[in-house]
2 protein chains.
Amino acid sequence: MELESLFNYIKKFITLSDAECDVIADHVKLRDYLKHQFIVQQGDVCKYESFIVSGCAKTFFLDTEGNEHVVSLAIENWWAADLGSFISREPSDYNVQCLENCRVVQFSYEALEQLYEKIPQMERFFRLIMQNAYVAAQKRVLRNHSLPAKERYLIFRKQYPNIEQRVPQYLIASYLGITKQFLSKIRAEIILEG
Amino acid sequence: MELESLFNYIKKFITLSDAECDVIADHVKLRDYLKHQFIVQQGDVCKYESFIVSGCAKTFFLDTEGNEHVVSLAIENWWAADLGSFISREPSDYNVQCLENCRVVQFSYEALEQLYEKIPQMERFFRLIMQNAYVAAQKRVLRNHSLPAKERYLIFRKQYPNIEQRVPQYLIASYLGITKQFLSKIRAEIILEG
DNA sequence: AAAGGGTGTTCAACTAGATTAACAAGATCA
DNA sequence: TGATCTTGTTAATCTAGTTGAACACCCTTT
């Protein structure tokens, strides 16, 4: 079934009966987006937490000079959303745009609140997800302070081995917080070093 | 009572009966640390999530060259821990050291697991805490990429108006990801501009 | 077949911020 | 009382990373 990958993902954190899976299925929407379409747009309230079943998306924002800043890159089994906007119900600072055709499972705010009531384990599931996300974000802050761009790039390559063939390098550069020219230079060095 | 500030903090997110407060009280330890003492040490497993009742602490790590990198600064009603180590039970990458005498409320891993069972609402509480922490960390990643040091410093001052008088500037510089000399330069500029 | 957009590279000039070192002013403590 | 430690400043030099422009290499689309 279409939701199988979502259920498998959730089952890594909590146990789910078939009946509970059915309840979840009743509370989510399956939706397809085309490449270049926006799952979330800067200025709109982020209405869904979207779990990516297939495809690939970037989360970014435009600063006052119109420069694009990539916050995160997401592929299968990742979440795409502006969580800050989703939980506060305030306009989003970010865009989430598809880099490939995407199939996503969407949880609305109301659906999630209902799920927390009907399946209390879901509260635990999202706690665990958020814990992990927080730890990862913290480590990223740290690496950005303490490591030069080249090492950050090498870590990125280990951490996301699949993503590099799928998304253009100028987006990876932006994610790493450097310019595409400098990333190009780093890559040339790495190739020379073997 | 000593735990009142913790309960008030929790009650901002969920409702707690007096009986539930008593259960929580049975599962936590109140502990005092002196200035300069370590709540967590790099290399040890982080055994507690510590809620600061009074005092002030820095979370930092030493890189391979022995340079100190401040990850976060915490005052009253904040948490101090290496969450990554706490949840994975692996040695911590960070130190948490008191900048003033500190009184903290500590949750051990086992106590927390028991609390989640006895007071399911606590699962929700920590989900909400983690969500907020994650959103804040994400915003910090972003600001570090897209804003110059001066603006990051000004935002820091707005966000933590109390902390600046309590902790030395070289720690604030490290938290911002710049050197103390450069922070000094920025401060001189800001004073000139009025 | 040509024209155009999206992507990656190279190179020169430039700048934000690092590094090193020297100095001043309080603390702290014998 | 002086001595040492901690903290903040200033200034010179240095470097990681930026900016901008030019060029090459695909893909599409017409």
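A few remarks follow.
- Within the range A:171-184, residues that are on the phi > 0 side of the Ramachandran plot have Cβ atoms under 9 Å from residues that are hydrophobic (A, V, I, L, M, F, W, C) and assigned to a helix (DSSP H, G or I) in these pairs: A:G177/A:A149; A:G177/B:V141, counting only partners at least 6 apart in sequence or on another chain.
- Given (1) open to solvent by less than 10 Å² (accessible area, probe 1.4 Å); (2) under 23 Å from B:K12 (Cβ atoms), number of the condition B:K118 does not satisfy: (1)
- Residues that are buried (at least 17 other Cβ atoms within 10 Å of the Cβ) and within 17 Å of B:N162 (Cβ to Cβ) within the range B:52-69 comprise B:I52, B:V53, B:G55, B:C56, B:A57, B:K58, listed in sequence order.
- From A:V28, A:V23, A:V53, residue being under 14 Å from the mean Cα position of the chain (by Cα) and touching a residue at least 40 places away in the same chain (Cβ under 8 Å): A:V53
- Unique residue being at positive phi and polar (S, T, N, Q) when the list is A:N77, A:N95: A:N77
- Residue check for A:C46: crowded, with 20+ Cβ neighbours inside 10 Å, touching an Asp or Glu at 6+ places or on another chain (Cβ under 6 Å) and closer than 22 Å to B:A136 by Cβ: yes
- Residue satisfying all of: in the range A:79-130; part of a strand (DSSP E or B) and within 14 Å of chain B (Cβ to nearest Cβ); farthest from A:G66 (Cα to Cα) among these: A:F107
- Filtered residues of the range A:54-70 (kept if under 16 Å from B:A137 (Cα atoms) and in contact with a Lys or Arg (Cβ under 8 Å, 6 or more places away or on another chain)): A:V70
- Of all residues in the range B:32-75 being of a type in the set (F, W, Y) and closer than 13 Å to B:L99 by Cβ, the one that is farthest from DNA strand C (Cβ to nearest atom): B:F38
- Of everything in the range A:150-166 that is closer than 23 Å to B:R143 by Cβ and hydrophobic (A, V, I, L, M, F, W, C), the residue that is farthest from DNA strand C (Cβ to nearest atom) is A:I155.
- Filtering the range B:13-42 to residues that are at pLDDT 95 or above, in a loop (DSSP other than H, G, I, E, B) and loosely packed, with under 11 Cβ neighbours inside 10 Å leaves B:T15, B:S17.
- A:E49, sole failed condition from (1) outside any strand (DSSP E or B); (2) more than 23 Å from A:Q165 (Cβ to Cβ): (1)
- Some residue of the range B:102-110 being within 17 Å of A:M130 (Cα to Cα), under 17 Å from the mean Cα position of the chain (by Cα) and either among the aliphatic types (A, V, I, L, M) or within 16 Å of DNA strand C (Cβ to nearest atom) (or both): no
- Filtered by the rule that a residue be in contact with a helix residue (DSSP H, G or I) (Cβ under 7 Å, 6 or more places away or on another chain) and not in a loop (DSSP other than H, G, I, E, B), the range B:165-183 gives B:Q169, B:Y170, B:I172, B:A173, B:L176, B:K180, B:F182, B:L183.
- If you go through the range A:173-191 and keep only what is near DNA strand C (Cβ under 7 Å from one of its atoms) and open to solvent by 20 Å² or more (accessible area, probe 1.4 Å), you end up with A:K180, A:Q181, A:S184, A:K185, A:R187, A:A188.
- Per-region count, the range B:149-172, residues over 17 Å from the mean Cα position of the chain (by Cα), open to solvent by less than 30 Å² (accessible area, probe 1.4 Å) and within 8 Å of DNA strand D (Cβ to nearest atom): 0
The values are calculated or read from the model by the stated rules, or taken from the named source; none is laboratory data. Please read all numbers here as calculations on a predicted model, not as lab measurements. Quick reminder, even Gly has a Cβ in these numbers, built from the backbone with ideal geometry, and neighbours come from all protein chains shown. Please note that ligands, DNA and RNA were not included when accessible areas were found on the heavy atoms of the full protein model with its side chains. Shrake-Rupley method; radii C 1.70, N 1.55, O 1.52, S 1.80 Å.
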